[in-house]
1. Out of (1) farther than 30 Å from Asn86 by Cα; (2) not in a helix (DSSP H, G or I), the odd one out for Glu190 is which?
2. Counting only residues that are more than 17 Å from Thr142 (Cα to Cα) and in contact with a Leu (Cβ under 6 Å, 6 or more places away or on another chain), how many does region 179-201 have?
3. Run down Thr142, Thr73 and say which single residue is among the β-branched types (Val, Ile, Thr) and modelled with pLDDT of 95 or more.
4. Can you name the residue in region 85-95 that is aliphatic (A, V, I, L, M) and buried (at least 16 other Cβ atoms within 10 Å of the Cβ) and is also farthest from the chain's Cα centre (by Cα) among such residues?
5. Within region 218-241, which residues are surrounded by 21 or more Cβ atoms within 10 Å (Cβ to Cβ) and outside any strand (DSSP E or B)?
6. Tell me the residue from Asp98, Asp184 that is in contact (Cβ under 8 Å) with a residue 12 or more places away in the chain, part of a strand (DSSP E or B), surrounded by fewer than 22 Cβ atoms within 10 Å (Cβ to Cβ) and not hydroxyl-bearing (Ser, Thr, Tyr), please.
7. Any idea how many residues of region 227-251 are at pLDDT below 90, more than 22 Å from Tyr83 (Cα to Cα) and not hydroxyl-bearing (Ser, Thr, Tyr)?
8. Could you list, in sequence order, all residues of region 101-134 that are in a helix (DSSP H, G or I) and over 23 Å from Leu148 (Cβ atoms)?
Amino acid sequence: MTPSENKLAGAAALVVAIAGISTWWFLGQAAADQEATTTAVKTLSTLPASPQEVASLENAAKAQETELAQVVTLVAPPLKPEYLVNDAVSAAARVRSDLVAVRTRAESAKIALPGSLPFETGLDPDDAVRSLQLAHLALLRTTLDSLLDVGVAKVNAVSPGRSWLAPVATGSKNPLAALSAELDLEFEPEALGSWLKALAEGRPAGLTLRAVQIEPAKAVKEVQLRKVKATVVLLTQARPEWRLIPEAITAGTMVPGAASTIAPPARGLGSSKRVGQ
């Protein structure tokens, strides 16, 4: 790599580190504060204490519970209502709408997309599996919009990856899910820098860069393009029907319909049959 490419690769690695550290630190600190105060309330209740002391700690616990909820909403926003539909017809309509919108926008900007995008062939008939697929559709729409915003040169491949419970939230009242996607992209240097900067600044909300590999630039019609393989993760509120477990216990759950040249073979949660669009 040239010196400038080494600097870009270093900057990308820094974005990955910053995104991971800041997200988990904020969540972990808020959760730890709430747990410590709740424990103190329980301990105080077993000791001789004035009503004022107990009330003070109870109020602090409630305030920290509110703070934790605010932090969670900031770094792991809930899915939009259109990705929480229950019936197969509405879910299929959501897929069609998103994919048409993305393709129309890419065509207008003359940005090449893969010939086939995830879930174009339909969704799973099982309600729980389809619910998780819609969550991954939200991740894909968010990711592709972020790429189109900065003017990515080409999207060679995009595939839903794995899903797991975020470690800091495991066992909490409102556990968080981490949903991943694998990307194969080509950027002009300025556009790549803009995308990395946006992710480092938390734009769009909930989307972080987990891993990135940048290849040396190649000239295409006198334009310097850099090929990038990346893993992005969307943090959001987990739903019970997804039946996710922590990543430390398993590699995560693959989403049926997610197979591509990037992702490993899918492990289904239910029936392999699809509900056509």
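The values are calculated or read from the model by the stated rules, or taken from the named source; none is laboratory data. Predicted model only: the values in this text are computed from it and were never measured. In this analysis, Cβ positions are derived from the backbone assuming ideal geometry, glycine residues included, and neighbour counts consider all displayed protein chains.
1. (2)
2. 1
3. Numbers: Thr73 fails: modelled with pLDDT of 95 or more.
After ruling out the rest, the residue left standing is Thr142.
4. Going through region 85-95, the residues aliphatic (A, V, I, L, M) turn out to be 85, 88-89, 91-93, 95.
Those left that are additionally buried (at least 16 other Cβ atoms within 10 Å of the Cβ): 85, 88, 91-92, 95.
Values: Val85: 19, Ala88: 23, Ala91: 20, Ala92: 21, Val95: 18 Å.
Residue satisfying both the conditions and the ranking: Ala88.
5. Ala238
6. Working: Asp98 fails: part of a strand (DSSP E or B).
The match here is Asp184.
7. The qualifying residues number 5.
8. Start the filter on region 101-134 by keeping residues that are in a helix (DSSP H, G or I), which leaves 101-108, 127-134.
Once the filter is applied, which keeps residues that are in a helix (DSSP H, G or I) and over 23 Å from Leu148 (Cβ atoms), region 101-134 yields Asp127, Ala128, Val129, Arg130, Ser131, Leu132.
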